[in-house]
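The values are calculated or read from the model by the stated rules, or taken from the named source; none is laboratory data. Predicted model only: the values in this text are computed from it and were never measured. Here the Cβ positions follow ideal geometry from the backbone for every residue, glycine too, while neighbour counts run over all protein chains shown.
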Amino acid sequence: MAMARRAMSLLPQWPSRVFSVELDGAPFYFAIQEKHRGEEVPPVFQRVQEYYRCYSLFVCSSDRIRRAMFYAELKDKLLRDLPPECDLSPMSSFLPNVKDSLIKGYFLKDNSDSSSPIERVLRDLIQRDPVFVCSYLRGDNCQLWTQHLWPHTGSQVMEKSKEYYVVPSEAPEYHPATLNIINSDVFYSLEEACDVLKKCGDIIPEATSILELLPSRAQARSKPDFPVIVIEGLDATGKTTLTKSLRDILRAVLVPCPPQCLYPWRARFDKEPPLIRRAFYALGNYITAEQIGQEAMKTPVIVDRFWHSTAAYAIATAVSGPPCNLPAVGSEVYNWPSDLLQPNLVVLLTLDPEERKRRLMNRGQGKTVEEQELDHNRLFRLRVEEAYQRISGPACVTVDASPSADQVLQQVLLLIRGKCHL
Ligand SMILES: Nc1ncnc2c1ncn2[C@@H]1O[C@H](COP(=O)(O)OP(=O)(O)O)[C@@H](O)[C@H]1O
Ligand SMILES: Nc1ccn([C@H]2C[C@H](O)[C@@H](COP(=O)(O)OP(=O)(O)O)O2)c(=O)n1
């Protein structure tokens, strides 16, 4: 039923949508149009000429938790069930400049002699799962492609689906993933993040235990008596070293974020799709905020990572490619949640990538998959660093972390004394 409703709302938009698929590591954009008699349709899909058939699959449940979970499951299912000659790439479709219009899917390139095994798998999928399937067929002159939306059992609208010609489309001004960041990757209130965990309680029992740890309401505007100083930066930039020294020198309390009470569940939520994983980290900030609020009545508080990390990693993961694909400077995506405690100072430690790698090696500990990714993926690291610097309310103050630990400490103490009258 939910599937049919989602289908009904998507179908009339179909010709206004832009489709994006990663081909050979670069995004390729196309749209669809009805062909009128005598009209020339520009050639498209030259980069997939060697394939005779292509397919796209879009996840279309109206329940966003189910949609997020099924998108991840779908990849495993396709990799398991499709013949090895079939090539799978991530794909998305969106209405240009329309917030929350992005739907995610996969693009399949079929290099096999016979389409029947693939079509059997896809037919099976649309019978049982919340997916749309389109096939793309190359015309006789090898240039024209048509997109055909497969009829869907249980949804009469889909029976009337038409064939469209595929036409190239200009790259959008911003990466399509930026359309859906708000409340899918980054949460701007306790309520929004809680809502996600409440709704996945029946699938992930741990979510219910986390909700029990939450403050009854966010500590919005209460101004702590003592300064609250957050230290941010990529892994191995020196946060732990610096926060411990600051704690000792300032006789402060050191609070980690995510808070210790969430550690047992971290690995569990790191495996979940971004919607759930990021809601988990967002809630960690509110639990930490309550701890900060209590401690800062008595003494200064040093915080190891806070909302800058939550937002910067989430935004940098949602978007792909170079930092210019990030939402523009000043976008509402970078705004501090209005109900989250605001620190007095946020320091961002930055480090040359080679030195950071050296420190990581020296430390020799296990790393999260995401942190390993930072090593391998230069662009991801650049996106995280850029996103950190675009967040406002409070913005971070950048400190070069390459000098000795003591020099970095002195530099940060100067900043704290200037800003927090300590
Ligand atoms: N300023 C510095 N100069 C050289 N080495 C440092 C400096 N700060 C930290 N380190 C070392 O680099 C490694 C990573 O530092 P750490 O404080 O654990 O970073 P993070 O908490 O940001 O992951 C540790 O082995 C630490 O001893
Ligand atoms: N306040 C925080 C802290 C971390 N995160 C997320 C962001 C990344 O996905 C990881 C990085 O944390 P990780 O523990 O690997 O980094 P450190 O070792 O603490 O430097 O955690 C967050 O979302 N919010």
I need every pair where a residue in segment 314-326 that is assigned by TED's automatic domain parsing to the domain that holds residue 385 and closer than 19 Å to residue 270 by Cα has its Cβ under 6 Å from the Cβ of a residue that is more than 15 Å from ligand 2 (Cβ to nearest atom) and among the β-branched types (Val, Ile, Thr), sequence separation at least 6 or different chains. none
Note down all Cβ pairs under 6 Å where the first residue falls in segment 368-396 and is surrounded by fewer than 16 Cβ atoms within 10 Å (Cβ to Cβ) and hydroxyl-bearing (Ser, Thr, Tyr), the second is part of a helix (DSSP H, G or I) and at pLDDT 90 or above, and they're at least six residues apart or on different chains. 392/334
Residue 70 being within 30 Å of residue 196 (Cβ to Cβ), buried (at least 18 other Cβ atoms within 10 Å of the Cβ), among the hydrophobic types (A, V, I, L, M, F, W, C) and modelled with pLDDT of 85 or more: yes
Do we have residue 268 as over 13 Å from residue 343 (Cβ atoms), basic (Lys, Arg) and away from ligand 2 (no atom under 13 Å from the Cβ) here? yes
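Mind counting the residues in segment 235-252 that are at pLDDT 95 or above and within 11 Å of ligand 2 (Cβ to nearest atom)? Give the steps one after another, and end with the answer.
The initial filter retains those residues of segment 235-252 that are at pLDDT 95 or above, namely 237-252.
Next, from what is left, pick out any that are within 11 Å of ligand 2 (Cβ to nearest atom): 237-240, 243.
Residues in segment 235-252 being at pLDDT 95 or above and within 11 Å of ligand 2 (Cβ to nearest atom): 5 in total.
Conditions tested, residue by residue: (1) surrounded by fewer than 17 Cβ atoms within 10 Å (Cβ to Cβ); (2) modelled with pLDDT under 95; (3) of a type in the set (Lys, Arg).
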site	(1), (2), (3)
174	no, yes, no
180	no, no, no
189	no, no, no
225	yes, yes, no
Based on what the data block shows, is residue 241 under 16 Å from the mean Cα position of the chain (by Cα) and hydroxyl-bearing (Ser, Thr, Tyr)? no
Could you list all residues from segment 303-352 that are closer than 15 Å to residue 228 by Cβ and away from ligand 1 (no atom under 16 Å from the Cβ)? 307, 336, 340, 341, 342, 343, 344, 345
When (1) assigned to a helix (DSSP H, G or I); (2) more than 16 Å from ligand 1 (Cβ to nearest atom) are applied to residue 298, the one that fails is (1)
Across segment 232-248, the tally of residues that are within 6 Å of ligand 1 (Cβ to nearest atom) and assigned to a loop (DSSP other than H, G, I, E, B) stands at 4
Report whether or not residue 195 is in contact with a Lys or Arg (Cβ under 6 Å, 6 or more places away or on another chain) and within 28 Å of residue 93 (Cβ to Cβ). no
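Of all residues in segment 256-276, which are in contact with an Asp or Glu (Cβ under 7 Å, 6 or more places away or on another chain) and either more than 14 Å from ligand 1 (Cβ to nearest atom) or not in a loop (DSSP other than H, G, I, E, B) (or both)? Let's see the steps before the verdict.
From segment 256-276, those in contact with an Asp or Glu (Cβ under 7 Å, 6 or more places away or on another chain) are 256-257, 265, 268, 274; that's our starting set.
Listed by number, the residues that qualify are 256, 265, 268, 274.
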Total residues in segment 398-420, condition in contact (Cβ under 8 Å) with a residue 12 or more places away in the chain, away from ligand 1 (no atom under 16 Å from the Cβ) and either surrounded by fewer than 16 Cβ atoms within 10 Å (Cβ to Cβ) or under 18 Å from residue 313 (Cβ atoms) (or both): 1
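Is it fair to say residue 211 is surrounded by fewer than 18 Cβ atoms within 10 Å (Cβ to Cβ) and either in contact with a Lys or Arg (Cβ under 6 Å, 6 or more places away or on another chain) or part of a strand (DSSP E or B) (or both)?
On the way: surrounded by fewer than 18 Cβ atoms within 10 Å (Cβ to Cβ): yes; either in contact with a Lys or Arg (Cβ under 6 Å, 6 or more places away or on another chain) or part of a strand (DSSP E or B) (or both): no.
Taking the combined requirement at face value, the residue does not satisfy it.
For residue 353, are the conditions met, namely being more than 10 Å from ligand 2 (Cβ to nearest atom), in contact (Cβ under 8 Å) with a residue 40 or more places away in the chain and in the same structural domain as residue 263 (by TED's automatic domain parsing)? Write out each step before concluding.
Details: more than 10 Å from ligand 2 (Cβ to nearest atom): yes; in contact (Cβ under 8 Å) with a residue 40 or more places away in the chain: no; in the same structural domain as residue 263 (by TED's automatic domain parsing): yes.
For residue 353, the condition - more than 10 Å from ligand 2 (Cβ to nearest atom), in contact (Cβ under 8 Å) with a residue 40 or more places away in the chain and in the same structural domain as residue 263 (by TED's automatic domain parsing) - is not met.
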Looking at 135, 92, which one is surrounded by 15 or more Cβ atoms within 10 Å (Cβ to Cβ), within 29 Å of the chain's Cα centre (by Cα), modelled with pLDDT of 90 or more and not β-branched (Val, Ile, Thr)? 92
Restricting attention to segment 155-172, does a residue exist that is of a type in the set (A, V, I, L, M, F, W, C), modelled with pLDDT under 85 and not in a strand (DSSP E or B)? yes
